[in-house]
Amino acid sequence: MFGKQIMSTVSVTIVLLILGVFAVLAISAEQFTDTLKSRMGFTVVMNDAVSDNTIRSVEALLAKAPYVNSLKFTTAQETMEAWERDNGENIMDVLGVNPFGAEFEVTVTTPYANSDSLAMITDRLRNIEGIDEVSTTSHVVEGINRIMHFISVIFIPLAIALLLVSAVLINNTVRLTVYASRFLIHTMRLVGATGDFIRRPFIRTGILNGFVAGIAASLILWAGLEGLRSAVPEMVTFASWSSLAWLFPAMIAAGIMICGISAALATNKYLKIKYDDLF
């Protein structure tokens with residue numbers, strides 16, 4: 001009997017661990033998407049012959065716009081110097097003039113961090129006098145669109161399916177444990193034990209197994225994440241402990257709840273079954 005309890009606990013631990021890994025992947029994908037969104041925005045390039053007053057008016061317009069999260073202004077000279085540092089070439093020696101204009105680098109707030117909102121904003125800005133070009137961070141937008149498509153089309157249905165399969169697997173594991181005690185349940189019924197009295201130890205054992213399995217799965221997942229974070233420091237950004245704080249209690253609670261309910265349902269089944277059907 002003790003061996004069956006150990007096997008049941010190990011089986012539940014494995015299932016909870018798989019659920020925990022899947023949850024970490026979901027949290028990491030969400031945080032990665034938020035990080036990309038925080039970098040979404042556009043660049044406003046001013047006309048070469050634009051006046052300082054026009055630049056200041058555009059800066060004031062952008063500074064008070066509700067969609068602006070951060071705003072950085074770069075002069076034409078600074079833009080040219082940055083280009084020369086990146087390319088290792090003196091463009092003035094080649095062209096004789098500075099081909100760059102002053103520009104504003106803008107990142108947008110989360111409600112506007114989508115392709116439709118960016119398109120609407122940039123279309124309006126292009127009509128303002130003195131603005132030569134407005135370009136968006138298209139690679140960031142495309143990255144977010146791909147992630148959101150993956151989450152909506154594949155990740156969410158897969159998560160629901162995995163949750164249901166996990167519940168069924170844990171339920172079957174607990175049912176097999178109770179099945180091994182079906183003759184004991186029948187004997188207790190024959191001597192006059194009530195249903196609540198018979199159910200209580202099985203439910204208590206199920207809850208204990210779920211609690212132990214939840215603790216074990218949480219410790220294994222924690223150790224795995226610590227090892228992964230040591231090998232890949234970038235994981236700290238996309239799977240921080242603050243974002244995972246709820247996951248370990250949730251795994252323990254899921255183990256307790258599913259095992260406890262499964263034990264109650266399985267015991268009820270063998271309380272009602274006839275002796276001949278026990279075989």
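What the table below lists for this structure:
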read-out	value
Residues whose placed amide H lies under 5 Å from that of residue 133, excluding near-sequence neighbours	45
Mean Cβ count within 10 Å, highest first, over the residues of peptides 104-111, 12-19	12-19, 104-111
Theoretical FRET efficiency, 1/(1+(r/R0)^6), r = Cβ-Cβ of residue 119 and residue 78, R0 22 Å, to 0.05	0.20
Extension gain, residue 39 back to residue 226 (0.36 nm per residue minus Cα-Cα distance, nm)	64.6 nm
Calculated from backbone phi, Karplus (6.51, -1.76, 1.60) coupling profile of the range 60-75 in Hz, x at Gly/Pro	5, 4, 5, 4, 9, 5, x, 8, 7, 9, 9, 9, 10, 9, 10, 6
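Each value in this text was obtained by applying a stated rule to the coordinates, not by laboratory testing. Everything quoted here is computed from the prediction, not taken from an experiment. In this analysis, Cβ positions are derived from the backbone assuming ideal geometry, glycine residues included, and neighbour counts consider all displayed protein chains.
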